[in-house]
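The values are calculated or read from the model by the stated rules, or taken from the named source; none is laboratory data. The structure presented is a predicted model; accordingly, all values stated were derived computationally and were not measured. No Cβ is skipped: glycine too gets one built from the backbone with ideal geometry, and neighbour counts run over all protein chains shown.
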Amino acid sequence: MRQQLLQDFAKVYGNADHAKVYFAPGRVNLIGEHTDYNGGHVFPCALTIGTYAVARLNQENVFRFYSSNFEKLGVIEVPLDGIEYDEKDNWANYPKGVIEVFCKEGFNVYAGMDILYYGNIPNGAGLSSSASVEVLTGFILKEIFGFDLDLVQIALIGQRAENEFVGMNCGIMDQFAIAMGRKDNAIFLDTATLQYEYAPIIMENAKIIIACSNKKRKLGESKYNERRSQCESALKDLQEVVAINNLGDLTEEEFETYKDAIKDPLHADRAKHAVYENQRTIKAVSALKANDLKTFGKLMNASHISLRDDYEVTGIELDTLAEEAWKQPGVIGSRMTGAGFGGCTVSIVENDKVEGFIENVGKVYQDKIGYAADFYVVDVGSGPIIV
């Protein structure tokens, strides 16, 4: 892979002298969906698939971006002193946003760079290809310019780039999971405080399978920001009767006590999901620590039902994948993962049932939806590295 990337870089930029190869993973969230911007807990892990980049300084005060995944767009050139959002630059707005935030934060980005990106995350699948690019770009800037900042700061810069530059009002989970990933561990993260702990993912007799619906979606054009504003409205109503900073501060019992303060019934449903999902995540991590995969799986299933009924972010594609998975032998749990509106499900499946699971769920999906889903048996990987 490394040699191929350097050859590709040389084809685009003339040679690969002084270029280095970098990698940042994608992520999958095992449980805890749409809780990260509600001050709740999440439980993601980094993957061994992700985004590669080849990068080097140039002497022209110009940033050049090229993606092997978007060859038709060619090399996108941006002057160092003229970085601004431009819709026609497409995917390159993510690294541009990171560079812009570095400059705003006072880091001396004193030269341009030539960068080639290549991702083996399915694009638009909900495995955080954009956050992977953001963290990777921040990691490259840190390494090449020698900036003194840690991986948590890189994650926060990536989130800011997406919020302020791209206009996608995402929480911190994706960037944090990618920056702080540890092999064979998921991250139990309190998004309100950024306190976290690693929890080993030890499944001797089971595999994690990601099913990609292949329904393309763009978060910024979806109802993601609408869901966030609905939760903010519910929180504002609740704060009139109970002293909380976030929906994640409430237990299920407390929510049931105070929920009538929420003026809009739809907003109450959204808030219910945020509160109950946060508690499910806390319980799921406790179950995993106790090696109780059965309970973990039941909580995954309950998470999907809540995302379907209370948060309404699943849709026929993800519901078909999850609900068909529940019928299969050897399935411990299955749910949509990511923001929804397309994207992926994540399932835990006993080793000897993996092939049958992929065949059976794949057939039902093809017959019902009219096109194929893709399945990935994934491993839990680590954070950004120099390759």
Could you please find all residues in region 35-75 being closer than 18 Å to Ala19 by Cβ and of a type in the set (A, V, I, L, M, F, W, C)?
Ala53, Val54, Ala55, Leu57, Val62, Phe63, Phe65, Val75
Of all residues being in contact with a Ser or Thr (Cβ under 8 Å, 6 or more places away or on another chain) and among the hydroxyl-bearing types (Ser, Thr, Tyr) in region 16-40, which is surrounded by the fewest Cβ atoms within 10 Å (Cβ to Cβ)? Just the residue, please.
Tyr37
I'd like the full set of residues that are closer than 30 Å to Tyr224 by Cβ and of a type in the set (Asp, Glu), limited to region 2-39.
Glu33, Asp36
Leading residue by the ranking (farthest from the chain's Cα centre (by Cα)) among those in region 344-368 that are among the β-branched types (Val, Ile, Thr) and closer than 16 Å to Asp379 by Cβ:
Val354
So in region 46-64, with the set limited to residues that are at pLDDT 95 or above and farther than 20 Å from Ile385 by Cα, which one is surrounded by the most Cβ atoms within 10 Å (Cβ to Cβ)?
Phe63
For region 83-95, does any single residue satisfy the condition of being over 18 Å from Ala53 (Cα atoms), assigned to a strand (DSSP E or B) and in contact with a Phe, Trp or Tyr (Cβ under 9 Å, 6 or more places away or on another chain)?
no
Looking at region 327-343, which of the residues that are of a type outside the set (S, T, N, Q) and more than 20 Å from Met173 (Cα to Cα) is nearest to the chain's Cα centre (by Cα)?
Gly333
Only one of Val354, Val377 is at pLDDT below 95, under 30 Å from Thr51 (Cβ atoms) and surrounded by fewer than 24 Cβ atoms within 10 Å (Cβ to Cβ). Can you tell me which?
Val377
Take the conditions surrounded by fewer than 22 Cβ atoms within 10 Å (Cβ to Cβ) and part of a strand (DSSP E or B) and apply them to Glu100. Does it pass?
no
Determine, yes or no, whether Phe43 is under 26 Å from Gly167 (Cβ atoms), within 25 Å of the chain's Cα centre (by Cα), touching a residue at least 12 places away in the same chain (Cβ under 8 Å) and surrounded by 16 or more Cβ atoms within 10 Å (Cβ to Cβ).
no
Which residue, of Asp249, Asp260, Asp269, Asp264, is under 19 Å from Ala339 (Cβ atoms), among the charged types (D, E, K, R) and more than 22 Å from the chain's Cα centre (by Cα)?
Asp269
Select from region 60-101 the residues that are touching a strand residue (DSSP E or B) at 6+ places or on another chain (Cβ under 8 Å) and aromatic (Phe, Trp, Tyr) and list them in ascending order.
Phe63, Phe65, Tyr66, Trp91
Pick out the one residue from Ser347, Ser286 that is touching a residue at least 60 places away in the same chain (Cβ under 8 Å) and among the hydroxyl-bearing types (Ser, Thr, Tyr).
Ser347
For residues that are crowded, with 24+ Cβ neighbours inside 10 Å and closer than 25 Å to Gly40 by Cβ, tally how many sit in region 139-158.
4
Mind checking which residues of region 26-58 are part of a strand (DSSP E or B) and more than 28 Å from Tyr311 (Cα to Cα)?
Thr48, Ile49, Gly50, Thr51, Tyr52, Ala53, Val54, Ala55, Arg56, Leu57
In contact with a helix residue (DSSP H, G or I) (Cβ under 6 Å, 6 or more places away or on another chain) and within 22 Å of Arg335 (Cα to Cα): does that describe Ala261?
no
